[in-house]
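Visitor: Below you'll find the structure I mean.
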Amino acid sequence: MARPFDISKVRNIGIMAHIDAGKTTVSERVLFYSGRSHKIGEVHDGAAIMDWMVQEQERGITITSAATSTEWNGHQITLIDTPGHVDFTVEVERSLRVLDGAIALFCAVGGVQPQSEKVWHQSEKYSVPKLAFINKMDRIGADFFGVVEQIQNELGANAVPVVVPIGKEENFRGIIDLVKMKAVFYDDESLGQKFHEEDIPADKKEKAQKWRANLVEKCAEQDDELLEKFLEEGDLTEDEIWTVLRKATIDRRVVPVYCGSAFKNKGVQRLLDGVIHCLPSPSETPPIICEKGGGARTPSDDESLAALAFKIVADKHMGKLTYVRVYSGKLDAGQAVFNSTSGKNQRVGRLLRMHANRQENLDVAHSGDIVAIVGLSDTKTGDTICCKDNPITLEAIEFPAPVISISITPDSKADNEKLSEALHRLADEDPTFTVGFDPETNETIISGMGELHLEIIVDRLRREFNVSAQVGRPEVAYRETITVAAGGSYKHVKQSGGRGQYGHVVLNLRPTNPGEGFEFINKVVGGRIPSEFIPSVEKGVVRAMQAGPYAGYPVVDIKVELNDGSYHDVDSSDFAFQEAGRAGFREIFMKGNPELLEPVMSVEAVTPEEFMGPVSSSICQRRGRIESMGTQGGNKVVSGMVPLSEMFGYSNALRTLTQGRASFSMHFEHYETVPYSIAEEIVKKRRAQDKVR
Ligand code: GDP
């Protein structure tokens, strides 16, 4: 079947913004003007289109990463939802992974806020080309040129306005299009759907010419031939500007800047034009990286299928919906596919393109498309879908391990099963959320990336699954490792009537660099341990690592070498060598100067200047390090690193300290060594609780 849109006319984009910059409002206007949603749902009346889930609307934050398709000027635009809240940084990363370009949204008053800075840097990591949209030009204090300067100075971007505002605050009336050199005014009656172009008003001419000159100069700088022409003739044509702007944006040498007021229905259509003009189609992005086999894949329908599952949503009516991006080849409804990550065969049931107000059943999805699949029962976020006869694994999305845990019990015992089922469905959707069980306390333990993350899960349990539950105190997910290499020999020997047990191993344990994980190396030669028992030793080691000998926490970042050993013809068995591996590991681990590791959070507090002192010391008192202090709007921003264990109850503390006038956000950064004296206290407590055995 022919493609409905040539691949050059496809745009997969995200809108990235600090919370409250107006992402929901801009997304809705985009869908409204592109004709797919027929009424504007204001955020405050809760009819938002992108925000599916009730508590998102209540909290006004967007957590899911739904993809909504629409059409603009003969192009297919798919909007991939990126969350604005830094607690969901993983959600941001995963959406950045599948989009080709982004609109960075700024508030004309707030400008570059700490969280928008964070998201900006994340997008640079994934080499995402960007446009900027400076929203809320109608608000008191709006400062278009000030924000452009901030984007240049604070984000280091070559920000080039392609439009400038006409008026500001309550007098914000429209924009000047610097490429066409026309004024654009929007009609309030039709909610901005109608607009007209006219000559630039006399009193705005000088300003327009100045910024037009800036635009043309910036374009000319990008291309030697154009520079020559510009020097000779002093100007460039519309076509020349767009061609060079497109290339420079895709190469991330320029960020074109737009402005408007989504709420007052001004400026959004020009932004959509900008998306078409300047952001890349899937065929203009670098070939997708493959982890193993198959080399690179290019976005062509003639290639073999490669698709990445990037989001799973439990839908009330359709069951499990898997959002995929097709990188190469085609995907048919009903087709048998292969999940190369899990090694399982899967069948595509229905294939859907999601629009703002309807779902479109597709017979086929083409390369470059982002669609939802019903029927992939055994596929998780980050898995690759491909053809069995030409398998390939795409680079997986990296998800950090959860850093905080709480116990959870249903209010009514009868709900036990319902709770467990709901938790597992939620864990399917969210790779940074895990469900476990503590056999000692008989409790279900849920783990995630922060208190807010787990709070939202508990909230969803109640709303979506009708299970009310109580949670325990949050606990930090510590890890343990060794600091020096240690070696030794361990014999597991038991002689108790009948057949005995015999396994003997010589192990060497070495610390690895943080984040390198676990490696098992077999160095046994000459059959001194029969090869069939080598995996048994590894299994024993892995079991020992699940609850380490130091404080009962998981062991990380260690290299285990099996150097030697011996066996007995009759008494050696899988079990005996597992035991030798397990107990040997535990004994030798303790000789390696073990230490505890704790999650450290990057914390940003925004406060009025008068509370700067108390806020800074509140971070230092929590074993924190201040990394930077800055200014944002009229406020001060204090950024630092603080161990998660010290951050419990910080919202209340900050409220008390600053009469409720400061706010903060945090997200997991990395693991660090727990200072010895504190580690010893934790170990003592764990031993007293019988958590170390
Ligand atoms: P999000 O958190 O980034 O999704 O932001 P929302 O779209 O929910 O907007 C946050 C608040 O700003 C809401 O009250 C909106 O009505 C308001 N808002 C959005 N765009 C504009 C705008 O252009 N001008 C003004 N004055 N308010 C806006």
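Visitor: Using Cα pairs under 8 angstrom and six or more residues apart, how large is the relative contact order of the chain, in percent?
Guide: After rounding, I find 10 percent.
Visitor: Highest mean first, what order results for 365-377, 643-655 on Cβ atoms within 10 Å?
Guide: Top of the packing list down: 365-377, 643-655.
Visitor: Let me ask something else about it. Please tell me the relative contact order of the stretch 102-147 in percent, rounded to the nearest whole number, where contacts are Cα pairs under 8 Å and at least six residues apart.
Guide: Once normalised by length, the contact order is 58 percent.
Visitor: Just need the relative contact order of the stretch 540-601 here, percent rounded to a whole number, with Cα pairs under 8 Å and 6+ apart.
Guide: 47 percent
Visitor: Nearest 5 percent is fine: what portion of the DSSP beta bridges confined to the chain is antiparallel?
Guide: 80 percent
Visitor: To continue, here is another question. Whose amide H sits under 5 Å from the amide H of Gly349, counting only residues 5 or more places off or on another chain, with H placed in the peptide plane?
Guide: Gly334, Val374, Gly375, Leu376
Visitor: Going by how many other beta carbons lie within 10 Å of each one, how would you line up Phe5, Phe399, fewest first?
Guide: Neighbour counts put them in this order, fewest first: Phe399, Phe5.
Visitor: Ranked from highest to lowest mean number of other Cβ atoms within 10 Å per residue, what is the order of the peptides 579-591, 382-394, 420-432?
Guide: My ranking of the peptides, most packed first, is 579-591, 382-394, 420-432.
Visitor: Can you work out the FRET efficiency for the pair Thr512 and Gln470, with r the C-beta to C-beta distance and R0 = 41 Å, to the nearest 0.05?
Guide: Using R0 = 41 Å, I get an efficiency of 0.55.
Visitor: Another question, if that's okay. For the pairs Lys311/Lys691; Lys125/Lys218; Lys491/Lys691; Lys182/Lys247; Lys9/Lys380; Lys23/Lys125, flag any whose C-alpha to C-alpha distance is greater than 27 Å.
Guide: Table pairs above 27 Å Cα-Cα are Lys311/Lys691; Lys9/Lys380.
Visitor: Could you please rank Ile312, Ile250, placing first whichever residue has the fewest other Cβ atoms within 10 Å of its Cβ?
Guide: Sorted ascending by nearby Cβ count, the order is Ile250, Ile312.
Visitor: Return the long-range amide H neighbours of Glu672 (sequence gap of 5 or more, or a different chain), with a cut-off of under 5 Å between placed amide H atoms.
Guide: It is Glu598, Val600, by chain and number.
Visitor: So, one more: So, in Å, what gap is there between the alpha-carbon centers of the stretch 410-456 and the stretch 193-268?
Guide: About 53 Å separates the Cα centre of the stretch 410-456 from the one of the stretch 193-268.
Visitor: Count the net charge of all other residues whose Cβ sits under 10 Å from the Cβ of Asn563, scoring Lys and Arg as +1 and Asp and Glu as -1.
Guide: 0
Visitor: In what sequence, highest mean first, do 195-205, 603-613 appear when ranked by Cβ atoms within 10 angstrom?
Guide: The densest-packed peptide leads the list: 603-613, 195-205.
Visitor: Between Ile15 and residues 5 or more places away or on another chain, which pairs have amide H atoms under 5 Å apart, with H built 1.01 Å from N, and which residues are they?
Guide: Residues meeting the amide H criterion: Ile80, Thr82, Ile103.
Visitor: Less than 14 Å Cβ to Cβ from Gly630, Lys/Arg counted +1 and Asp/Glu -1: what total charge do the surrounding residues give?
Guide: Computed value for this residue: -3.
Visitor: Could you please report the charge total around Gly260, scoring K, R as +1 and D, E as -1 over all other residues with beta-carbon less than 10 angstrom from its beta-carbon?
Guide: +4
Visitor: Name the lysines eligible as straight-distance cross-link partners of Lys418: C-alpha to C-alpha under 18 Å, and not fewer than 8 places from it in the same chain.
Guide: Lys316, Lys320
Visitor: In what sequence do His568, His121 fall when counting other Cβ within 10 Å, fewest first?
Guide: His121, His568
Visitor: Another question, if that's okay. Would you compute, from DSSP H runs of 4+ residues alone, the mean residue ellipticity of the chain at 222 nm, taking -39500 (n - 2.57) per run and dividing by the full residue count, rounded to the nearest 500?
Guide: About -8500 deg cm²/dmol.
Just so you know, all these numbers are worked out from the coordinates, no wet-lab data involved. The structure displayed is predicted, hence computed values, not measured ones. With ideal geometry, Cβ positions are generated from the backbone for all residues, glycine too; neighbour counts draw on all protein chains shown.
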